[in-house]
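Q: Pasting a structure below so you can have a look.
Each value in this text was obtained by applying a stated rule to the coordinates, not by laboratory testing. Small disclaimer: the values here were computed from a predicted structure and weren't measured. Virtual Cβ from ideal backbone geometry, glycine too; neighbours counted across all protein chains shown.
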Amino acid sequence: MQRVAFLALIPLLVPAQLPPPVQEPWLGVPEGFRNLPIGKFKEPRSLKEWQAQRREVKNIVMGCLGDMPPRPASLTVRTVSTEDKGAYTVEKFVFHNGADNEVPGYIAVPKARAGRLPAVLTMHGHSSSKDDMFGYRESSQYVSDLLAKNGYVVLGIDNYFNGERRGKGPAGELEVMAKGSDQEWSLFKLNLWLGRTLWGMMLRDEQIALDYLSSRPEVDPNRIGAQGMSMGSTRSWWLGAIDDRIRAVVGVACFTRYEDLIATRNLRAHGIYYFVPGILKHFDSEAVMVLLAPRPFLALTGDRDAGSPPTGMKKLEDVLSRLYALHGASAKFRSVIYPETGHVYTDDMKQKMLAWFDAHLKAAAGSR
């Protein structure tokens, strides 16, 4: 695990464009919210103990996501257009998720191929879209060109309430004309009525996208990674936790422990989509992340990211380091915390993301 300077809490040294330093935990939190009945993850003392415990933890995680409908047994994907990008092509496609929506996406496929290629499922942030990740809208989340030119098939979709799916929620076009969060709230409410969660349905769409990516003849299904920034980062490690087909994860920002959001008065830093009923009765987010082990997991986070309190990141690093060590895979977990850095996706982070996938997906060539 690499640590890159942890905290810098002197206000006068904070550049004007950065958010203020993270507050001291629990300062200003009313007394009634300081001793909530939050469950604790019971850390295993051995790999054997964890192997017996893992199934129970995963079942709790899946249960908290709600009653998701089965994914389509036979997926029909319609190609809308194809664009030549020189070293690769980009196909725009659409599939129906078998529940409520058509899901548009892009897939970038390198032209130079000798056998099946590694692939990356890329996930956009909140108020972002597939267009940000594939360069059709200016954004720091543009990663498809870098990955495709380095030999990866890259796929990304518009998730609920983003991109071309705006105005496709329960109130249709009314939610395009209203403020952007209205569709997110409507979907959150409706899914609770149906015994589902919006977060679970979002992850379900990513699993369907993974079904499609795995089926492509250009792709080695044993070498698929997931990456994303912000909301996409959280989806990347949650998806890897519930779906073992994800073989490596890179999460940019949102390396978050939930109790520490409460302690730093930052629940407001995340949209309503993010909240999973009942999860804290059992344990915090470390119990979700440890389901990734021993698969490679890289977290890249700014120390001034309000959605990722540094106290929580330190706890996550400690727990994950111990769990990966139980597997004899300490080198497969790495957390880089960037000093005096906010909620961003920098060029250095992109290079580290690429290097991580090169080390852990390209190195696995020929495995089945």
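Q: I'd like the Karplus ³J(HN,Hα) series for the stretch 293-307: coefficients 6.51, -1.76, 1.60, θ = phi - 60°, whole numbers in Hz, and an x wherever there's a Gly or Pro.
A: 4, x, 5, x, 9, 10, 10, 10, 9, x, 6, 10, 7, 4, x
Q: Another question, if that's okay. Would you list Trp26, Trp356, Trp193 from fewest to most Cβ contacts within 10 Å?
A: Details: Trp26 15, Trp356 21, Trp193 7.
Least crowded to most crowded, the residues run Trp193, Trp26, Trp356.
Q: Right, another one. Would you work out which of Val29, Leu298, Gly156 lies farthest towards the positive end of the dipole of the chain? Charges go on Cβ: Lys and Arg +1, Asp and Glu -1.
A: Farthest towards the positive pole: Leu298.
Q: In nm, what is the difference between 0.36 nm times the number of residues separating Asn222 and Lys362 and their Cα-Cα distance? Mind dumping the intermediate values first?
A: Numbers: separation 140, 0.36 × 140 = 50.40 nm, distance 1.07 nm.
Value of the extension gain: 49.3 nm.
Q: Sticking with this one: Quick one: check the C-alpha center-to-center distance for the stretch 88-142 versus the stretch 150-217, whole angstrom.
A: Measuring centre to centre over Cα atoms gives 14 Å.
Q: What percent do you get for the relative contact order of the stretch 153-220 when only Cα pairs under 8 Å and 6+ apart count?
A: On the way: 50 pairs, mean separation 19.8, N = 68.
Relative contact order for the stretch 153-220 comes out at 29 percent.
Q: Taking amide H atoms as placed 1.01 Å from N in the peptide plane, list the residues 5 or more away in sequence, or in a different chain, whose amide H sits under 5 Å from that of Tyr338.
A: Sorted by chain and number, the residues that satisfy this are Thr301, Gly302, Asp303.
Q: Applying the Karplus parametrisation 6.51 cos²θ - 1.76 cosθ + 1.60 with θ = phi - 60° to the phi angles of the stretch 76-92, what ³J(HN,Hα) value in whole Hz is obtained for each residue in order, glycine and proline being reported as x?
A: Result, rounded to whole Hz: 9, 10, 9, 7, 8, 7, 9, 10, 7, 10, x, 6, 7, 10, 10, 9, 9.
Q: Given the Cα-Cα distance of Gln351 and Met62 and 0.36 nm per residue of separation, how much length would full extension add, in nm? Show your work: numbers first, answer last.
A: Values: separation 289, 0.36 × 289 = 104.04 nm, distance 3.28 nm.
Full-extension gain reported as 100.8 nm.
Q: Taking H placed 1.01 Å from N in the peptide plane, check which residues at least 5 places from Leu117 or on another chain put their amide H under 5 Å from its amide H.
A: Residues meeting the criterion, in which the H sits 1.01 Å from N, are Val219, Asp220.
Q: Also, quick follow-up: Which of the lysines could a cross-linker bridge to Lys281, judged by Cα under 26 Å and excluding same-chain residues fewer than eight apart?
A: Hits, sequence-local ones excluded: Lys40, Lys42, Lys48, Lys58, Lys189, Lys314, Lys315.
Q: Just tell me the longest site-free run in the chain, where the sites are GluC sites (Glu not before Pro) in a DSSP loop having at most 13 other beta-carbon atoms within 10 Å. Write out the running numbers ahead of the final one.
A: Numbers: sites that count: Glu138, Glu173.
Longest run free of exposed loop sites: 174-368.
Q: Within the stretch 144-193, report the trypsin sites (Lys or Arg not before Pro) that DSSP leaves as loop and that have at most 11 other Cβ atoms within 10 Å. Write down the numbers at each step before the final one.
A: Details: sites: Lys149, Arg165, Arg166, Lys168, Lys179, Lys189; in loops: Arg166, Lys168, Lys179.
Qualifying residues, ordered by number: Lys179.
Q: Arrange Cys64, Cys254 by Cβ neighbour counts within 10 Å, fewest through most, would you? Please list the in-between numbers first.
A: Working: Cys64 18, Cys254 27.
Ascending Cβ contact count within 10 Å gives the list Cys64, Cys254.
Q: Taking the Cα centre of the chain as origin, work out the dipole magnitude from +1 charges on Lys and Arg Cβ and -1 charges on Asp and Glu Cβ, in debye rounded to 20. Let's see the in-between values first.
A: Values: 46 positive and 40 negative charges, 222 e Å.
Charge dipole of the chain: 1060 debye, to the nearest 20.
Q: Related question: Roughly how many nanometres apart are two label points built 7 Å out from the Cα toward the Cβ at Lys42 and Gln23?
A: With each label point 7 Å from Cα toward Cβ, the separation is 3.5 nm.
Q: Taking +1 at the Cβ of each Lys and Arg and -1 at the Cβ of each Asp and Glu, which of Leu326, Asn222, Val249 sits farthest along the dipole of the chain towards its positive end, judged by Cα position relative to the Cα centre?
A: Highest projection toward the positive end goes to Leu326.
Q: So how far apart, in nm, are the two label points at Leu194 and Ser74 if each is 7 Å from Cα heading toward Cβ?
A: Inter-label distance under the simple model: 2.3 nm.
Q: What is the fewest-to-most order of Thr256, Thr311 by other Cβ atoms lying within 10 Å of their Cβ?
A: The order, fewest Cβ neighbours first, is Thr311, Thr256.
Q: Please enumerate, by chain and number, the lysines with C-alpha under 16 Å from the C-alpha of Lys85, excluding those fewer than 8 residues away in the same chain.
A: Excluding near neighbours in sequence, the set is Lys111, Lys149.
Q: How much length is gained if the chain between Leu174 and Ala325 is pulled fully straight, taking 0.36 nm per residue apart and subtracting their Cα-Cα distance, in nm to one decimal? Please list the in-between numbers first.
A: Working: separation 151, 0.36 × 151 = 54.36 nm, distance 5.13 nm.
My answer for the length gained is 49.2 nm.
Q: Could you give each residue of the stretch 151-165 its phi-based ³J(HN,Hα) in whole Hz, using Karplus coefficients 6.51, -1.76, 1.60 with θ = phi - 60°, and x for Gly or Pro?
A: x, 10, 6, 10, 10, x, 10, 7, 8, 3, 6, 10, x, 6, 8
Q: Report, in deg cm²/dmol and to the nearest 500, the calculated mean residue ellipticity at 222 nm for the chain, where each DSSP H run with n ≥ 4 adds -39500 (n - 2.57) and the sum is divided by the residue count.
A: On the way: 12 runs with 120 residues, N = 368.
After summing the helix terms and dividing by residue count, I get -9500 deg cm²/dmol.
Q: Find the relative contact order for the stretch 11-364 and round it to a whole percent, using C-alpha pairs within less than 8 Å whose residues are 6+ positions apart.
A: Once divided by the residue count of the stretch 11-364, the mean separation gives 20 percent.
Q: Which value in nm describes the separation of the simple spin-label points at Ala87 and Ala52, placed 7 Å from the Cα toward the beta carbon?
A: With each label point 7 Å from Cα toward Cβ, the separation is 5.1 nm.
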